[in-house]
């Protein structure tokens, strides 16, 4: 197998590739700024310079030339090479800063050059704490600067577009942002303008950087030149916890990082998932973090005799619901599921009503035709449409929903977390004759029309799985406490870096940020108390149960999903799987 | 403020001809920008937009190109742009003297345009007329070599009178001596 | 052989009236080399033409001095898909103004050379990239190209053969860096002129990803001479290692600054004193930049016996570059001069690579400080340190070109730099 020697250690490689990526894959460190594994290689930052050479091959003898010590004679390239653009070659010898003083010096020199025109404004820069330039300067940079002139001044705080703000002075001209709009989002909205140390990225005159993926440029900016208009000045990186999640604002289900501080989600950024979203995610998914904080249903609400909804206790909500259930026969119950609800919630919801004798389970797809693209946005606006199809819910179109209510005249209507009034012909008046129960996360037109509202957890408060438009099952981890969970006790919750290091910034003190809600499956378990048919302790148990009943889910576990960033399911027949 | 600019049928057929020289249309960006600058006198944002639309290329790309090349005027310039070379040979042969004389004469600094919009002065890099220093170029076209104050005076007067400088051929001394 | 400069008759730019007209050029042996090749394709197969040019060792006149025929031989075998020849007439290196003479006085010699090169590399499209400032000269070349098309030297089936070739001019728009061959290709493709990472080299992946060779205008103008009179004849002009005629562009403080054509390897003092008429105003020679702004300046006392060819200049501590010689007299302020050169490079850095983008600006600012009398002695060491950190650390050679003049002039004119620096006097109690 071809071999390469890095800092005098031998490595084998199978695939052709570049030295820098190979080193990263092998956990070796080398500083770099402009390189990005999913973009073209401009080799312009010059930070990943290494000393490289090839053994001298004696063609006549057919062997490598050896020196007096029996070591291979190495012919080094006359200049230092950028590892990002250097092809792996059999027998190649590479020296990094670990084994070569010149390389070490060159890395420091390069950082000195980068820093001469870079403002020293880390204390007020959003990027501080997660800034490659800051980190690499600490690690590889010179101790001081010998630059004693005025730095080049460029425009600051330029609103490039609705979501991205540019500080051109911080820019180090790595061109990652330009390459992103050229190669990934293909909107070609950015360019570098001017030349030399006066250049910086910009949109065309009068053009707005409204690329639906614009915030990815903020992620990949190795400095604080591009910052998020929404997140700007909201939180310091070291104050936040970082929990893996998935984007539930769209059918694609991008892998995400959920950033929390004091039990509020501060921002959402993409998490690398080769099978789904690579390093990227749409802006819309990031900005959906608000639904986890704002307008939340906290505590059950009830409508006493055609009056305004008022808060009530869980006990009262439960008792009222039992009474309503006792009043009706199964055919008089209309059960509407939701493509926005998780696999586990949807399963529990359906299983419960099926046990009561309800036969039909409907859901209203949340699809906006033409809103998707070839990249990471699907027409489907919901995270689990394929999931609930697989669980046997039947699709009902928006205009049909009203007829269903009109002809069936249900006395009791259950709606799971979906603002169906907003996207169907169904109006509050159609539900007047029925007692309507809404299990939801946020207040909306449907919750306001309901007689009883049960607050349930969002994707950042429970562990649950969702199946994306491509049939991949992925799961979430609680990133945010509810009134009933504690991140130090709940084993599903991940502890952030600050937890481990105990920084004083990591105080989750504001009780108002803890929502009074429980997972839908847990509420159903409560409803069913007294019987031991549907008593689940955790969503894991539910998933295990689904695995036993539906072949496509067989053997699927959270551990598996965690390990592989989700699992591709074989969902050939999305149709009715009414085995529940 | 900015009126809508457009290419007429003749322009479009010229642009098509320029594009036909290359396997990919983007290659014609520089020629088309030159063409547009000849027509409009500059390639300000409105012209850049027109070029982008005409060539069906991203506006940002055109903007990036325009700002990379110093001969493209990003904003309207004086009717006559006097590019005075101050680089190397011209520097040591009095290029700055000529530049300063021009600045004084026209009452503007390098990089500025006279209030009447007639003249702009720029201090530019080597124009490749090193033996004929000091020299300047008039609006990206003719070179005026061997400048003296008198020659500058004459040039300004000619330009004011609407007379463009002619092409100055700098013969090789070897041609003068050993002509067949 | 015309190696005595006094009797030398120019070959590239002969003193023939109206030679730029194709009829006059044809009358003076013009397009004979091309005709000869096309008439006897067996003797003059593309491979043989390449090998003849390689033997003649035409060293690239754009500055690098690389054997042109050898460069041609890097082109891969034709695969039926397009391949290109790009002719580099960007000529933006300060002190250089020779190619414009070819466009003005003998454009057909260049065109013929380019056609032969295209034939040798089996290329069907030639682009001539010319700096935008040379607009008047582009028009001249354009006219000559039209004439060549009319006479069937360009276009489909050149002179009735099965070889077809097109030639287009492409005007730059003010960017020194576009004289760098990969940047030239980017510019030709309609982009910002950023030099490309090598490898891949142009012969592997050039214009639009296809094999491409880039040659200087003067280099190509030498090709018809080689093909007309043979490599052996050509090799007898000038020094063994640097043969052929050279266009010397002499500017600065001499009495007759101009472009002169003489064999390579001319004695520098002969060029200054005899050819260019000596120092202006009888002043003393102080320094010489031998081949454009990036070549290290030489002190007058370093010029004894030095000749204008790669080997001799290397020995003297400089380079041949473009043979654009800038002559400076005793009154020249070296600090001012080097600052202006630094300003040029800072202005022309494309801004891609960190060491160049920020280094050229740093050099310029520091030199400006010294020029303005605010410099300190430690600034000189700092300048050397910056130069050292820029050299060899970037994609293209602009950073090196910016560093050399600074580094070598501090080395060679240190006293003058020191004189400009503030004298810090420490009071001793």
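The values are calculated or read from the model by the stated rules, or taken from the named source; none is laboratory data. Just so it is clear, the model here is predicted, and its values are computed rather than measured. Cβ sites come from the backbone with ideal geometry, for glycine too, and all protein chains shown count toward neighbours.
So the values come out like this:
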| quantity | calculated |
| --- | --- |
| Residue A:118, sole failed condition from (1) assigned to a loop (DSSP other than H, G, I, E, B); (2) within 11 Å of chain C (Cβ to nearest Cβ); (3) over 33 Å from the mean Cα position of the chain (by Cα) | (3) |
| All positions within the range A:1-19 that are closer than 13 Å to residue A:85 by Cβ and surrounded by 23 or more Cβ atoms within 10 Å (Cβ to Cβ) | A:19 |
| Residue satisfying condition, being in contact (Cβ under 8 Å) with a residue 12 or more places away in the chain, within 13 Å of chain C (Cβ to nearest Cβ) and surrounded by fewer than 16 Cβ atoms within 10 Å (Cβ to Cβ), within set A:102, A:111 | A:102 |
| Out of B:127, B:99, B:61, sole residue that is assigned to a helix (DSSP H, G or I), surrounded by 17 or more Cβ atoms within 10 Å (Cβ to Cβ), touching a strand residue (DSSP E or B) at 6+ places or on another chain (Cβ under 7 Å) and within 11 Å of another protein chain (Cβ to nearest Cβ) | B:61 |
| Of residues in the range A:176-200 being surrounded by 21 or more Cβ atoms within 10 Å (Cβ to Cβ) and in contact (Cβ under 8 Å) with a residue 40 or more places away in the chain, the one nearest to the other protein chains (Cβ to nearest Cβ) | A:197 |
| Residue match in the range C:238-253 (condition: under 17 Å from residue B:89 (Cα atoms), touching a strand residue (DSSP E or B) at 6+ places or on another chain (Cβ under 9 Å), surrounded by fewer than 21 Cβ atoms within 10 Å (Cβ to Cβ) and within 14 Å of chain B (Cβ to nearest Cβ)) | no |
| Single match in C:128, C:138 (criterion: surrounded by fewer than 22 Cβ atoms within 10 Å (Cβ to Cβ) and either modelled with pLDDT under 95 or touching a strand residue (DSSP E or B) at 6+ places or on another chain (Cβ under 7 Å) (or both)) | C:138 |
| Selected residue (only one of B:116, B:153 is outside the structural domain of residue B:39 (by TED's automatic domain parsing), surrounded by fewer than 19 Cβ atoms within 10 Å (Cβ to Cβ) and in a helix (DSSP H, G or I)) | B:153 |
| Qualifying residues in the range A:25-53 (those that are surrounded by fewer than 18 Cβ atoms within 10 Å (Cβ to Cβ) and over 18 Å from residue A:15 (Cβ atoms)) - the one nearest to the other protein chains (Cβ to nearest Cβ) | A:40 |
| Verdict on residue C:209 being surrounded by fewer than 22 Cβ atoms within 10 Å (Cβ to Cβ) and either modelled with pLDDT of 95 or more or more than 22 Å from residue B:20 (Cα to Cα) (or both) | yes |
| Test: residue in the range C:160-170 that is at positive phi and surrounded by fewer than 24 Cβ atoms within 10 Å (Cβ to Cβ) | yes |
| Residues located in the range A:123-136, provided they are in contact (Cβ under 8 Å) with a residue 60 or more places away in the chain and away from chain C (no Cβ under 14 Å) | A:125, A:126, A:127, A:128, A:129, A:130, A:131 |
| Scope the range B:15-58; condition touching a helix residue (DSSP H, G or I) at 6+ places or on another chain (Cβ under 7 Å), surrounded by fewer than 24 Cβ atoms within 10 Å (Cβ to Cβ), assigned to a helix (DSSP H, G or I) and facing chain A (nearest Cβ under 9 Å); matching residues | B:49, B:52 |
| The range C:298-331, residues that are touching a strand residue (DSSP E or B) at 6+ places or on another chain (Cβ under 9 Å), part of a loop (DSSP other than H, G, I, E, B) and either surrounded by fewer than 21 Cβ atoms within 10 Å (Cβ to Cβ) or more than 11 Å from every other protein chain (Cβ to nearest Cβ) (or both) | C:303, C:305, C:306, C:308, C:309, C:317, C:318, C:320, C:321, C:323, C:330, C:331 |
| Test set (1) farther than 25 Å from residue C:193 by Cβ; (2) in contact (Cβ under 8 Å) with a residue 24 or more places away in the chain - residue C:71 fails condition number | (1) |
| Test result for residue B:75, assigned to a loop (DSSP other than H, G, I, E, B) and over 30 Å from residue C:82 (Cβ atoms) | yes |
| Any chance residue C:397 is surrounded by fewer than 24 Cβ atoms within 10 Å (Cβ to Cβ), out of contact with any helix residue (DSSP H, G or I) (no Cβ under 8 Å at 6 or more places or on another chain), facing another protein chain (nearest Cβ under 10 Å) and within 16 Å of residue C:358 (Cα to Cα) | no |
| Failed item, numbered, when residue C:271 is tested on (1) free of Cβ contacts under 8 Å to residues at least 40 places away in the same chain; (2) crowded, with 18+ Cβ neighbours inside 10 Å | (1) |
| So residue C:374, is it under 30 Å from the mean Cα position of the chain (by Cα) and either more than 10 Å from chain A (Cβ to nearest Cβ) or surrounded by fewer than 19 Cβ atoms within 10 Å (Cβ to Cβ) (or both) | no |
| Matching entry among A:139, A:156, A:150 (being in a loop (DSSP other than H, G, I, E, B), more than 13 Å from chain B (Cβ to nearest Cβ) and under 30 Å from residue A:104 (Cα atoms)) | A:150 |
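Residue-wise test of (1) more than 10 Å from chain B (Cβ to nearest Cβ); (2) in a helix (DSSP H, G or I); (3) within 19 Å of the chain's Cα centre (by Cα).
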site: C:8; (1), (2), (3): no, no, no
site: C:14; (1), (2), (3): no, no, no
site: C:37; (1), (2), (3): yes, yes, no
site: C:50; (1), (2), (3): yes, yes, no
site: C:61; (1), (2), (3): yes, no, yes
site: C:77; (1), (2), (3): yes, no, no
site: C:96; (1), (2), (3): no, no, yes
site: C:103; (1), (2), (3): yes, yes, yes
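To keep it simple, each residue is scored yes or no on (1) touching a strand residue (DSSP E or B) at 6+ places or on another chain (Cβ under 8 Å); (2) modelled with pLDDT of 95 or more; (3) closer than 28 Å to residue A:431 by Cβ; (4) surrounded by fewer than 24 Cβ atoms within 10 Å (Cβ to Cβ).
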{"position": "A:454", "(1), (2), (3), (4)": "yes, yes, yes, no"}
{"position": "A:457", "(1), (2), (3), (4)": "yes, yes, yes, no"}
{"position": "A:463", "(1), (2), (3), (4)": "yes, no, no, yes"}
{"position": "A:473", "(1), (2), (3), (4)": "yes, yes, no, no"}
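The rows are residues; the columns are (1) more than 17 Å from residue A:122 (Cβ to Cβ); (2) more than 14 Å from chain B (Cβ to nearest Cβ); (3) touching a residue at least 40 places away in the same chain (Cβ under 8 Å).
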| site | (1), (2), (3) |
| --- | --- |
| A:202 | yes, no, yes |
| A:208 | yes, no, yes |
| A:217 | yes, no, yes |
| A:222 | no, yes, yes |
| A:230 | yes, yes, yes |
| A:235 | no, yes, no |
| A:247 | yes, yes, yes |
| A:255 | yes, yes, yes |
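This table checks each residue for (1) in the same structural domain as residue C:305 (by TED's automatic domain parsing); (2) at pLDDT below 95; (3) assigned to a strand (DSSP E or B).
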residue	(1), (2), (3)
C:240	no, yes, no
C:251	yes, no, yes
C:256	yes, no, no
C:261	yes, no, yes
C:271	yes, no, no
C:274	yes, no, no
C:277	yes, no, no
C:281	yes, no, no
C:286	yes, no, yes
